[in-house]
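The values are calculated or read from the model by the stated rules, or taken from the named source; none is laboratory data. This one's a predicted model, so the numbers in the text were calculated from it and none came from an experiment. Note that each Cβ is placed from the backbone with ideal geometry, even for glycine, and that neighbours are counted across all protein chains shown. Ligands, DNA and RNA are stripped out before the accessible areas are found, and what is left, the full protein with its side chains, is counted by its heavy atoms. Shrake-Rupley method; radii C 1.70, N 1.55, O 1.52, S 1.80 Å.
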Amino acid sequence: MDVKAARVSSAAATGDQLHQFASRLYPICRSITGEGVRRSLALIRARIPLVVHEVPSGTRVFDWQIPLEWNIEDAAVLDGDGRRVVDFQAHNLHLVSYSEPVQRTLPLDELSARLHALPEHPDWIPYRTSYYRRDWGFCMRARERLALRPGRYRVEVKSSLAPGALTYGELVVAGRTREEVLLFTHVCHPSLANDNTSGMAVATALAEWLAGERRRFTYRLVFAPGTIGSLTWLKRNEHGLKRVRHALVLGLLGDPGALTYKRSRRETHEIDAIATHVLAGAGQIVPFSPYGYDERQLCSPGFDLPAGRLTRSVNGGYPQYHTSADDLSFITPAALEGSLAACQRIIEVIESNQRFHNRSPRGEPQLGTRGLYGALGGSGPAEHEHAMLWVLNQSDGTHSLLDIAQRSGLPFPLLVEAARRLEEAQLLAPTGEPARIASGAPGAKRAAARRRAGGRTVRLNKS
Amino acid sequence: MDVKAARVSSAAATGDQLHQFASRLYPICRSITGEGVRRSLALIRARIPLVVHEVPSGTRVFDWQIPLEWNIEDAAVLDGDGRRVVDFQAHNLHLVSYSEPVQRTLPLDELSARLHALPEHPDWIPYRTSYYRRDWGFCMRARERLALRPGRYRVEVKSSLAPGALTYGELVVAGRTREEVLLFTHVCHPSLANDNTSGMAVATALAEWLAGERRRFTYRLVFAPGTIGSLTWLKRNEHGLKRVRHALVLGLLGDPGALTYKRSRRETHEIDAIATHVLAGAGQIVPFSPYGYDERQLCSPGFDLPAGRLTRSVNGGYPQYHTSADDLSFITPAALEGSLAACQRIIEVIESNQRFHNRSPRGEPQLGTRGLYGALGGSGPAEHEHAMLWVLNQSDGTHSLLDIAQRSGLPFPLLVEAARRLEEAQLLAPTGEPARIASGAPGAKRAAARRRAGGRTVRLNKS
Amino acid sequence: MDVKAARVSSAAATGDQLHQFASRLYPICRSITGEGVRRSLALIRARIPLVVHEVPSGTRVFDWQIPLEWNIEDAAVLDGDGRRVVDFQAHNLHLVSYSEPVQRTLPLDELSARLHALPEHPDWIPYRTSYYRRDWGFCMRARERLALRPGRYRVEVKSSLAPGALTYGELVVAGRTREEVLLFTHVCHPSLANDNTSGMAVATALAEWLAGERRRFTYRLVFAPGTIGSLTWLKRNEHGLKRVRHALVLGLLGDPGALTYKRSRRETHEIDAIATHVLAGAGQIVPFSPYGYDERQLCSPGFDLPAGRLTRSVNGGYPQYHTSADDLSFITPAALEGSLAACQRIIEVIESNQRFHNRSPRGEPQLGTRGLYGALGGSGPAEHEHAMLWVLNQSDGTHSLLDIAQRSGLPFPLLVEAARRLEEAQLLAPTGEPARIASGAPGAKRAAARRRAGGRTVRLNKS
C-alpha cells in the first residue's frame, strides 16, 4: 500500500451498509434506457467518481440498434368505477417494461391477453418486458386477476418512446500496469432487489475498496443495462479488449443461496482457476452456458473474453426470480457482505497469482547463506522452506503460484509469502509483467499514463 | 431432397428382405478369388449398379501378390466302399479353401493330418483356408471324424489353381461434395451366414437407400475379398485416399448379439464420436486392435484412415464363428434390419454433423427481430432457443454439432434444427465445406464432376 | 552380447555380498569433503575403475562455493573427572558434521544449546550438520543427556577446516551409442547404513553388472556428496547434459520397506513410465517434490533432466532416518538384493524400450510367407502373432514398445520378442537411434569414440 493509497479508506462496507444502499436503489423504475438508469447511476456516482456515458438512440451496435428511450410517468388499469385495479404507482413491476403509450377502453376478454400473472404464485407480480417489439401490457397477482369482473376497463399508459440515449456508467481504477480486470454489473431491472440492486451495491462498495490501494492490475467497472448495454460498451471499447486479462460479471449477490461461480466459455482461463480456489468449500462451480447475464456477450465467439460470473443463486434458479417476491426482504446483509468478501478475495488472488522466473535456475540457490533456510542440517525443512523449494523449482515462467499450490498441496498464501521473500532476495523475477505505468511522475507523464489506461484515474476521498 | 432423389425410393429394406437376400448368397462357395466371388457380385449388381473390377493374378500389391485364381468343381474323401464320407457337395466348408488338386489314395493315419474337426463342437464343421501355401485338407464334424475306420481312403479334389484374377465390386454414389465416406464389406467367405452374407445384404440395401437422395458426402461402397482384396483396392485408389473423411467396415451384422462399434486406430476420429453417439444405450464400443477385418489394412500406419468397424458380435466372440453353425438360422431378420437402421443413423449423423462459423460473432445477434426468439422478455427461453444460443456461441469453426450436443447436453436433432434455422437466417455458415461438385449443369460439366468424384455417378431406378 | 562382453562376468552380486560391502563402508566418517569420502571411493575403486575427481575449495559452483575441506581427528565432551561423556570415537554421529576446532571449558547450561538429542527416541543419536555456517556441536542419546550433572565440561574438537578439495568418483561404461543413462548416488553421510552405504553398495554392484555387456546406452555412474557434489558434477558436465536420456538417483536401498520410485519433475518422462512398469505390483510410485536427494538439483528448472529416484522407504519416512538406529542391522541382504534386481530390470527395459518404424507400413506385410504367422487360416492368431500385429500397427516412430504394451495389454517381453523377430525380417527399423560409436575399429578411431563418449571406456576384468 503506497502513501497515497493509505490516505483513503480501504475498509469494506458492512452488510448493513450494503443493504441500505440496495434499499435506496430498489424503488427506482429502471429499464434498458431512461431516467431510471440515470437516477440509479447518480446514486452510485455520489459514492464513486463514475463517468456516465450517453449513447444516442439509433446508434448501430453490432447486429443491434439502440432503441428509442423509454420513460414512464404513470400507468394503470381502471375499472368501471374508476378504481385503479392495476396500479403502476403501487409497484413498478405492474407495467410491462417498454410499454408504449395507451389510452383505451376495452372489455375484459380483450384485455386478458395483455395481463400476465403467475397462477402457481398467486400473490406475486411477474416481471415482463417488450423492448424490441412495440407492445404494452400489465403484470399482476393471479389472485387479483381472478377477481376482475367482466366489463369494460380503461387502460392508461403515460409513457414516452422517443429519441434519447442509452446510459451507462464506467469507473477506471488505474493500477501499476495497463492490464485490466473488467467487472460488469447490470442496471436495467426495476424493483427487483436481488436482481440487481444487490449487484449494484456490491460493485459500488468493491470500487471504493479497490480505490483504496494501488494494485498491479487496472480495474474497470461497468454499470450498464443488460445485453444492449454490454454490447454498446463492447462496441465502444473493442480496441481495448486485448488488455482484458480477467473479467467477472457480478449480479444476484444478496439472496441466501450459496455463492455460485459460472466458468468462462473456455472453462480453463486463469479466472476459472482463481474463482474455483476462492470458492472451495464455500460455494459451487457451474459450467459455462450461453444463457445468463452479460457473460453471454463477453463470451460470444467474436470476443471470447476470459469472463466468469459470480452470483449466489443462479438466474431462474429460485422461485422469486423475476417476480415481486424478489424484494428487500429476500436479500440479507450477511449475504451481501459475504458476496463482497468473495469478490475481494478473488481480486487478492488475481493480484498475487503471478508467474515467476527463477533467476538462479541451475541447481538450487543457496538459501541458508541468505537467511532463508535453517542453518543446521539433518532434520527436515519447515513448511515455509518447502514452499520456497516448490516456488523455485516450478518458477520457469509457466506455472502460476496457484498452479504451484495445486501441485504441491501447500496453502496459496504460504506460496505467495515464499515468492515475496525470494523476490526480495533477488532469486525470483516476475514473468511477462506488462510495462508499468510511469508512477510518481507529476504532470504530463502521469496524464499520459492515465490516457493510456483508457479511462480516468481515480483517487477517492474518504466517503 | 432434390427432385431427382425424390424419384427414387428411399425406403430401407425390411428384415425379411435382407434375410432373403442373404439366403441367396449363402450357398455360394466364395473364396478370395474365383467364380464364387463373381456370382455373388452378380447377385448384388442385379440390385445396384456395381462396377466389377478384375485384377490379374501375379499383380504386386504392396508386400503381397495376387495369387492364382482358385476354382472348385468337386471334392470328397471316399472310403473303401466308394462312399463319400466327406463330401464338398453336402457343405462347401468341408474343403479347406484353396486346396490344390489331388487324386490320391492313402491310409487313415496319413490322411489324419489333413482332417480338421472341432472336438468341443462335434456336430459342427470348421472353416479353414490355405491361401498362400499350396496345401489341401478337409474339415468335418468331430463325430464323423471319430467314426472313420482304419483303412485306405481315396481323396479327390477337383480344383484349379491357375492364372486368373481377383474380383471386387465398387459403387460410387456421388454427393454434393467430393469428400468421401468409404464403406467396406468382405465377400470372400463361403457358406457362413453371419460372416458375411449379412454384411453383403446390409451393404447392398444401404447402397439402395443412399442412392435415393443426393447427400453432402460422396459414398463409396467396396465389396471385396478380405485382406488381399482391400489391399488391392487400397493400391489402386491410393491417390484418392486423401478424400476419405470417414470409413466404416461392415460385417457380421445378422447375429443376435448387440451392435458393436470398434474404434479407429486413433480412437478420436469424428467417426468414433458419431458411432458412439448413435450406439449410446443400444450397443457397445470396443477399442481398436490390429486384428479383425479390413480395418486392419485401412488402419495400418501407412494409411491410418479414420476407419471404424460395425459388427454385432465380434469375430471370434461367439462359438459358431467360422463353423457350419454360422448358418441361416443364426442370423435373424430383426438383427439385420436393426443393423441397417444403425448404418443409416450413422450416415445421417455424418451428414448433419457440420461445423459452422457464426457470421455475427461479436455479441449475440438479435434473434427476436428475426422471429427466432420469443418477443416477450422476462421468462426463460424455450429449449429450441437454448439450442440456438449454444450453436451460435460454439460456432467458431472448431466445434461440430455433435461436440455441441455433448457439451450442452441438448439432443443432437434439436441442434441440427437450430443450425438449419440459423443458416436460413444467414447467421451461420458451414466451415471448410469442400468445393461442391457442379450440379444442375447438364452434359460436359456434370460428366467432369463425375470423373472428379473418382467413380461412376449412380442414379437408381426404383427397384 | 558381443564377444568382449562375454569375457567378463555379468552375474549380479548376492544380498550377502552387498551387505558385506556396506559393512566395510559403514564405519567411515564421511562428510561432504575430506578423507572419509576419499577412503570410501577407494574401497569402491578396488572393485570398479572409478575416476576420482578433486575440485579445490573455493571453486564457484553456480550459486554456491566449494567449502573448506573438513577433517576430523577426535572429538569429545569431558566431565570434571575427565571422563568422555560424549565420545566421537564411540560413534561418529556424536559430532555435528563440519564442527570447527574447539578447546574450551564451559558450564553445562552454556553447553546445552550445543547438545542435540531426540527425546522421543532416548537411545538414538541424531545426525546433524553445519556445512555452511561455522559452528560446532554434539549429538547424543537423550537418556545420556538427562544424566549430565550441572558443572563445567571440557569440549575438545580436533578438526581442521582448511583449503582442500571436494572429492567425487565417476565411471563411464560405454555403450553402442553416446546417449547416456545417468546414475547418481550420494557418498556424504557418516555411519548411516541405509543412508547411504546401501546406495553405494548397490551402485557398485550395478556398475560391475553393466560392464559385463555392451549395451545400447552409455552408462555414467556418479558417486558424489549430496547437493554440493551433484552441483559440482553438473557444473563440470553442463555441456554433456544434452546426451542424458534417462537419469536415476539411487539411495536408501537396504531398509525393509517396499521399493519407491519418485517421478521426475515433469512426471511424464520415459523413465517414469519404465520405473512404473517395473515396480507394478512390487512397489509404490510417488509424485515429484523438490525436496529429497540429488534429484533436487537434476530436476531444477535450469536442468530439468529426466531424472527419477529409486529408494525403499523415503527420506524422513521412517523413525530411524538420520539417527544411529540406521545401522547395519537396519539393512538386510534380501532388501539390498531386491533393490539391485529392480535397478537391473529398469535398465533392461530402458535398453529394450525402442521405437520403430514399420518398413512396410501400407497394409499388413505378409507374415505367413516369412514364416512368422501360421499358414492355415480360419482360426485366430496366437498371442505372439497378436504381438507382431500390434508392433507393426503402432510402429510409426512415435510409440515405444512400452506404449504398445500399455495399449494392447500384452506383456512387454512378448512385444520385445515380436519386435526382434520383425526387425530380423527387415520389417522394422529402430527410430531415431543416435549415431553409433564406431566399434570393432582398433586404435585411433576407438579412442576418438571414447573421447566423444565424454569419459573413460571401461573394460572390467572378472572380479
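For chain C, give the percent of accessible area contributed by carbon and sulfur heavy atoms, probe 1.4 Å, rounded to a whole number. Reported share for carbon and sulfur atoms: 50 percent. The solvent-accessible area of A:Arg345, taken with every protein chain present and a 1.4 Å probe, is close to 80 Å². Heavy-atom accessible surface of segment B:236-387, averaged per residue, reaches 35 Å², computed with a 1.4 Å probe. Structural descriptor for segment A:81-199: relative contact order 29 percent, calculated from alpha carbon pairs under 8 angstrom and at least 6 residues apart. Once the partner protein chains are put back, segment C:271-298 shows a loss of at least 20 square angstrom of accessible area, versus the chain by itself, at C:Phe288, C:Pro290, C:Tyr291, C:Arg296, C:Gln297 (probe 1.4 Å, ligands and nucleic acids excluded). Across segment A:143-151, coupling constants 3J(HN,Hα) worked out from phi with the 6.51/-1.76/1.60 Karplus curve, θ = phi - 60°, read 4, 6, 4, 5, 7, 5, 8, x, x Hz, and Gly and Pro carry x. For chain A, the Cβ-based charge dipole about the Cα centre amounts to some 1520 debye (Lys, Arg positive; Asp, Glu negative; other atoms uncharged). Put a dot 7 Å past the Cα of B:Thr268, heading toward its Cβ, do the same for A:Glu73, and the two dots end up 6.6 nm apart. Projected over every direction and averaged, the convex hull enclosing the alpha-carbon atoms of chain A yields 24.9 nm².
In Å², and per residue, what accessible area does segment A:137-199 have when probed at 1.4 Å with the other protein chains present? Each step should come with its number before you reach the end.
Numbers: 1890 Å² over 63 residues.
Counting only protein heavy atoms, the per-residue value for segment A:137-199 is 30 Å².
Counting only other chains, what is the mean number of Cβ atoms within 10 angstrom of the Cβ of each residue in peptide C:396-403? Working shown, then result.
Working: counts 5, 1, 1, 1, 0, 0, 0, 0.
Per-residue shielding by partner chains comes out at 1.
Select from C:Leu389, C:Pro365, C:Ile404 the residue farthest towards the positive end of the dipole of segment C:290-446; place +1 on Cβ of Lys and Arg, -1 on Cβ of Asp and Glu, and compute about the Cα centre. Going by the Cα projections, it comes out as C:Pro365. With N the number of residues in the protein assembly as shown, Rg(Cα) / (2.2 N^0.38 Å) evaluates to 1.20. For A:Tyr321, neighbours were defined as the other residues whose beta-carbon sits under 10 Å from its Cβ, and their charges (Lys and Arg +1, Asp and Glu -1) total -3.
Among the GluC sites (Glu not before Pro) in segment A:19-127, those located in a DSSP loop and surrounded by at most 11 other Cβ atoms within 10 Å of their own Cβ are A:Glu120.
Here the protein assembly as shown carries DSSP beta bridges of which approximately 65% are antiparallel, counting only pairs with both residues inside.
Which shape class, rounded, prolate or oblate, goes with segment B:207-329 when its Cα gyration tensor gives a ≥ b ≥ c as root eigenvalues, a/c under 1.5 marks rounded, and past that a/b bigger than b/c marks prolate? Before the final figure, lay out each step's value.
Numbers: a/c = 1.43, a/b = 1.30, b/c = 1.10.
It comes out rounded by the Cα gyration axes.
Could you pull out the pairs from B:Lys158/B:Lys235; A:Lys235/A:Lys262; A:Lys242/B:Lys242; A:Lys242/C:Lys262; C:Lys235/C:Lys262; B:Lys235/B:Lys262 whose alpha carbons sit more than 31 Å apart here?
In this structure, B:Lys158/B:Lys235; A:Lys242/B:Lys242; A:Lys242/C:Lys262 exceed 31 Å between Cα atoms.
Would you work out if segment B:21-61 is rounded, prolate or oblate? Take a ≥ b ≥ c from the square roots of the eigenvalues of the alpha-carbon gyration tensor; rounded if a/c is under 1.5, else prolate when a/b is larger than b/c, oblate otherwise. Here segment B:21-61 falls in the oblate category. Counting only other chain Cβ atoms within 10 Å of each residue's Cβ, the peptide B:125-132 averages 4.
Here the Debye sum runs over all C-alpha atoms of segment C:355-431 as equal scatterers in vacuum, and log10 of I(q)/I(0) at q = 0.16, 0.25 Å⁻¹ comes out as -0.51, -1.22.
Name the residue from C:Ala273, A:Phe21, C:Pro119 whose Cα lies farthest towards the positive end of the charge dipole of the protein assembly as shown, charges +1 on Cβ of Lys and Arg and -1 on Cβ of Asp and Glu. So the residue furthest toward the plus end is C:Ala273. Across the options B:Met200, B:Thr218, B:Ala165, the greatest Cα extent toward the positive end of the charge dipole of segment B:148-228 (unit charges at beta carbon of Lys, Arg, Asp, Glu) belongs to B:Ala165.
Comparing the full protein assembly with the isolated chain (1.4 Å probe, heavy atoms, ligands and nucleic acids excluded), the residues of segment C:48-63 losing at least 30 square angstrom of accessible area are C:Phe62, C:Asp63. Computed with every protein chain present, the accessible area of A:Tyr321 is close to 40 Å² [probe 1.4 Å]. Neighbouring Cβ atoms from other chains, within 10 Å of the Cβ of residues in A:418-427, number 0 on average. Rolling a 1.4 angstrom probe over the protein heavy atoms with all chains in place gives segment A:35-77 an accessible area of 41 Å² per residue.
The C-A contact accounts for approximately 2300 Å² of buried accessible area, totalled over both chains at a 1.4 Å probe radius.
Take the Cα pairs of segment C:42-91, get the Kirkwood Rh, then feed it into Stokes-Einstein at 4 °C and 1.567 mPa s and tell me D in µm²/s. Could the numbers behind the result be given before it?
Numbers: Rh = 14.9 Å.
Value of D from the Cα-based Kirkwood radius: 87 µm²/s.
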